[in-house]
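Derivation of every value follows stated rules applied to the coordinates shown; laboratory data play no part. Please read all numbers here as calculations on a predicted model, not as lab measurements. Don't worry about glycine lacking a Cβ; one is built from the backbone with ideal geometry, like all the others, and counts go over all protein chains shown.
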Amino acid sequence: NFNKMQEAITHLFATEDFKGLYYREELGHYWINLDYTARHPGGPYVDNKAYAVVEF
């Protein structure tokens, strides 16, 4: 559930300067950006290789 994931990220990174969650949805799956590529979810600076899969 996307809302649960967003709540978890907000809680886990509560001390960070959180300005919003950047993501891309594709076929019911979400690519979440937590780094410098935030405004370009899944590209153009990175490939589509998944480095971690987190299921909620």
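What to note about this one:
- For segment 1-32, the set of chymotrypsin sites (Phe, Trp or Tyr not before Pro) satisfying both a DSSP loop assignment and a count of at most 15 other C-beta atoms within 10 Å is given as PHE13, PHE18.
- With the simple spin-label model, which puts each label point 7 Å out from Cα in the Cβ direction, the GLU55 to LEU12 separation comes to 1.6 nm.
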